[in-house]
Number of protein chains: 2
Amino acid sequence: MSEIIKNQQWIYTKRPTAEVSNEHYKCATQNLSTELAHNEVLLEIHYVSVDPYMRIQQAQQQSWEAPHPLNSVQQAGTVGKVIKSNSDDISVGDWVSAYTGWQQYAVVHHSEINKLDAQQADVTSALGILGMPGRTAWFGLMDAGKPKPGDTVFVSGASGAVGSLVVQFAKKAGCKVVAFASSDEKCQWLINALKADVAINYRDFSDYQSLNRYLQKQNVKADIYFDNVGGLITDATMPNLNLRARIIICGQMSQYNGQLDEVSQGPRFLQHMLYQRATIQGILARDYTHRMDEMITVVAPWLQAGEIIYDHSIVEGFDLLPEHLASLFTRKSHGKLVVKIR
Amino acid sequence: MSEIIKNQQWIYTKRPTAEVSNEHYKCATQNLSTELAHNEVLLEIHYVSVDPYMRIQQAQQQSWEAPHPLNSVQQAGTVGKVIKSNSDDISVGDWVSAYTGWQQYAVVHHSEINKLDAQQADVTSALGILGMPGRTAWFGLMDAGKPKPGDTVFVSGASGAVGSLVVQFAKKAGCKVVAFASSDEKCQWLINALKADVAINYRDFSDYQSLNRYLQKQNVKADIYFDNVGGLITDATMPNLNLRARIIICGQMSQYNGQLDEVSQGPRFLQHMLYQRATIQGILARDYTHRMDEMITVVAPWLQAGEIIYDHSIVEGFDLLPEHLASLFTRKSHGKLVVKIR
């Protein structure tokens, strides 16, 4: 028995050249048939993800894939409830995560969703610690960074979805953590809640030279630099590496509001790679999807025992999705930003 | 029976801030006693090395070690003949390589020299293919670069001591080579003698954007980028990497004449590490000294069979050593520059 439901969608219509905002989207209503093919399910979406990588996909340049196509639903991870099923594996009432984008409903094949255990963990964790951000933090640090007890780990964007997990995973690995964030309040949280050893509000420094001098004065050097932000923090960190330092490029948020297309300049630093025989490695969450079991084995027990703080900022409002995306670059909150749409 | 001999030495007296020249050295005469302690030998030096890394050691900043001390003999690799020996292992007439610096004679402990087989290879090869430059090229490419048949290998400074070997080792590994050099004549040599697939005179390009556009038009992308030079070539290469590209930082010659202390600016590129999950690794020859046997096993037979061109530019003149060092940054010749001093 099928019907037509009104499905609100955010359509990405215009490429931003600086900050993203409402003007780059339009809200449209689709008439969605609830008729399901074999093994399809109908999802009622409850939680929508906004992530910095979305802004990379809005650059004109090719990234790891072609730019996000215009005039299509903004792609995004989501969590929803099954309200109709034509699959033996999925029942009505099941919670699932999927990649349906910014819309209220979606018809998807059962191979494209992951069933969630709402008893085991808050379903929104599928968009955070048990999803893409968690995978990025875990494999970026453990696989690419190879932390050893006693290592000093610099983390930029330390209060964000990925960074706040890297800080905690690094502490679990016996490392000293130097966390960079954009406000004193975030720094307080990093020290008090996440147990970072040092937290530095990089906005206290007007240029990279002064941050560099500060690090040198404190004699703080990185064995690992987990970089989500780039720009000034990177510029100041490169002259402060220990021998065989490992630099993990997870993101370059400081460059996403236009500078991926109109490339900005920064101080050259490759000589430091030579001096310290350091390495830089770019990582993407998708490269580790097939290894999630390795992570879950270690991290899920920590989560259940309350040994890891995962701080999801849940905000409301389907209507505000573009604004929530833009807020990633300016927000005062920490942890993973999730938008509750119903 | 000991005597006093007059030993001419080049003393490094003043830190250059741009090009190095005679004004940063003085020539002095040492009265050298030929009295030898147990296991010491007296060397008559015939060949002296000039290498780009010397210019790094003249920067004010710490590199892999403290800057070269002022008012001491310029450090350098040399090849000489033993003219007096108090060691059972070394005989008068033996050819050896050592690290005696820019001087005519030296008394050294036998543990600090390597005996050379003048029948097996030209003794100057100890300063080139069978010495530091060869080791850098071999382990940089094979260990850090991990070439696979069919890979495209970019080499900057391709006609230099290290680059000219990297080009040939990469061809031996079944790779396609794109060689960058600073003149049409060098490019001709790279194509005709070293069998590079493509040779690009980067001086034909006024800025990195035009070189970048050229590479994109030709659809040439790097699986490996062996970088001796940095600057414009690096800026143009970074947007033209293949998935999981390996970048080896062996040198940054374009930055040695002042820009290690007064850091220059270049376009930011770390986003490309992310897009391509690329890696950058800095390497130093000294990290592979203990593995020379691995290289010799493979390379020595090639050398004896004439399958590798090793083109040593032998120039004369102890008096001209500072000028020969400076010439590394402007010279028209290719291959390893060796100064014959007697």
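Among the residues of region A:45-84, count how many are of a type in the set (D, E, K, R) and either under 19 Å from the mean Cα position of the chain (by Cα) or exposed (fewer than 15 other Cβ atoms within 10 Å of the Cβ) (or both).
Count: 3.
Restrict the check to region A:290-306 and report whether at least one residue is under 24 Å from A:TRP64 (Cα atoms), within 9 Å of chain B (Cβ to nearest Cβ) and either within 19 Å of the chain's Cα centre (by Cα) or crowded, with 21+ Cβ neighbours inside 10 Å (or both).
Within region A:290-306, none of the residues are under 24 Å from A:TRP64 (Cα atoms), within 9 Å of chain B (Cβ to nearest Cβ) and either within 19 Å of the chain's Cα centre (by Cα) or crowded, with 21+ Cβ neighbours inside 10 Å (or both).
Here's the yes/no breakdown for (1) out of contact with any strand residue (DSSP E or B) (no Cβ under 8 Å at 6 or more places or on another chain); (2) of a type in the set (D, E, K, R); (3) surrounded by 19 or more Cβ atoms within 10 Å (Cβ to Cβ); (4) in the same structural domain as A:ARG331 (by TED's automatic domain parsing):
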position: A:SER111; (1), (2), (3), (4): yes, no, no, yes
position: A:ALA118; (1), (2), (3), (4): no, no, no, yes
position: A:PHE154; (1), (2), (3), (4): no, no, yes, no
position: A:SER159; (1), (2), (3), (4): no, no, yes, no
position: A:LYS172; (1), (2), (3), (4): yes, yes, no, no
position: A:ALA181; (1), (2), (3), (4): no, no, yes, no
position: A:LYS186; (1), (2), (3), (4): no, yes, yes, no
position: A:ALA196; (1), (2), (3), (4): no, no, yes, no
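What are the residues in region B:190-232 that are under 13 Å from B:VAL167 (Cβ atoms) and of a type in the set (A, V, I, L, M, F, W, C), if any?
B:LEU190, B:ILE191, B:ALA193, B:LEU194, B:ALA196, B:VAL198, B:ALA199, B:ILE200, B:ILE224, B:PHE226
Within region B:122-153, how many residues turn out to be within 14 Å of B:THR289 (Cβ to Cβ) and assigned to a loop (DSSP other than H, G, I, E, B)?
Selection size over region B:122-153: 2.
Taking the criterion of being free of Cβ contacts under 8 Å to residues at least 40 places away in the same chain and either touching a strand residue (DSSP E or B) at 6+ places or on another chain (Cβ under 6 Å) or over 30 Å from B:ALA76 (Cβ atoms) (or both), would at least one residue in region B:124-138 satisfy it?
No: region B:124-138 contains no residue that is free of Cβ contacts under 8 Å to residues at least 40 places away in the same chain and either touching a strand residue (DSSP E or B) at 6+ places or on another chain (Cβ under 6 Å) or over 30 Å from B:ALA76 (Cβ atoms) (or both).
Here is a yes/no grid of residues against (1) within 25 Å of A:PRO147 (Cα to Cα); (2) crowded, with 23+ Cβ neighbours inside 10 Å; (3) more than 10 Å from every other protein chain (Cβ to nearest Cβ):
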site: A:ASN201; (1), (2), (3): yes, no, yes
site: A:GLN209; (1), (2), (3): no, no, no
site: A:ARG213; (1), (2), (3): no, no, yes
site: A:ILE247; (1), (2), (3): yes, yes, no
site: A:MET253; (1), (2), (3): yes, no, yes
site: A:TYR256; (1), (2), (3): no, yes, no
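Starting from residues that are without any contact (Cβ under 8 Å) to a residue 60 or more places away in the chain and more than 7 Å from chain A (Cβ to nearest Cβ), keep the ones in region B:263-285 and report whichever is surrounded by the most Cβ atoms within 10 Å (Cβ to Cβ).
Filtering first and then ranking leaves B:HIS272.
Residue check, A:LEU328 against (1) crowded, with 17+ Cβ neighbours inside 10 Å; (2) outside the structural domain of A:GLN74 (by TED's automatic domain parsing), all met but one. Which one?
Here A:LEU328 meets the rest and fails (2).
Do we have any residue at all in region B:227-237 that's of a type outside the set (A, V, I, L, M), in a strand (DSSP E or B), facing another protein chain (nearest Cβ under 9 Å) and crowded, with 21+ Cβ neighbours inside 10 Å?
Yes, region B:227-237 contains at least one residue that is of a type outside the set (A, V, I, L, M), in a strand (DSSP E or B), facing another protein chain (nearest Cβ under 9 Å) and crowded, with 21+ Cβ neighbours inside 10 Å.
Any idea which residue in region B:275-322 is modelled with the highest pLDDT, counting only those that are among the small types (Gly, Ala, Ser) and in a helix (DSSP H, G or I)?
B:ALA285
Between A:SER49, A:SER63, A:SER72, which is within 14 Å of chain B (Cβ to nearest Cβ), out of contact with any Lys or Arg (no Cβ under 6 Å at 6 or more places or on another chain) and within 28 Å of A:ASP287 (Cβ to Cβ)?
After ruling out the rest, the residue left standing is A:SER63.
Does region B:145-166 hold any residues that are under 17 Å from the mean Cα position of the chain (by Cα) and farther than 17 Å from B:SER125 by Cα, and which are they?
B:VAL155, B:SER156, B:GLY157, B:ALA158
I need the full set of residues from region B:93-121 which are in a loop (DSSP other than H, G, I, E, B) and under 20 Å from B:LYS6 (Cα atoms), in order please.
If the condition is that a residue be in a loop (DSSP other than H, G, I, E, B) and under 20 Å from B:LYS6 (Cα atoms), then B:TYR99, B:THR100, B:GLY101, B:TRP102, B:GLN104 are the ones that fit.
Do we have A:GLU316 as acidic (Asp, Glu), within 17 Å of A:GLY140 (Cα to Cα) and away from chain B (no Cβ under 14 Å) here?
no
The values are calculated or read from the model by the stated rules, or taken from the named source; none is laboratory data. Keep in mind that what you see is a predicted model, and the values were worked out from it rather than measured. No Cβ is skipped: glycine too gets one built from the backbone with ideal geometry, and neighbour counts run over all protein chains shown.
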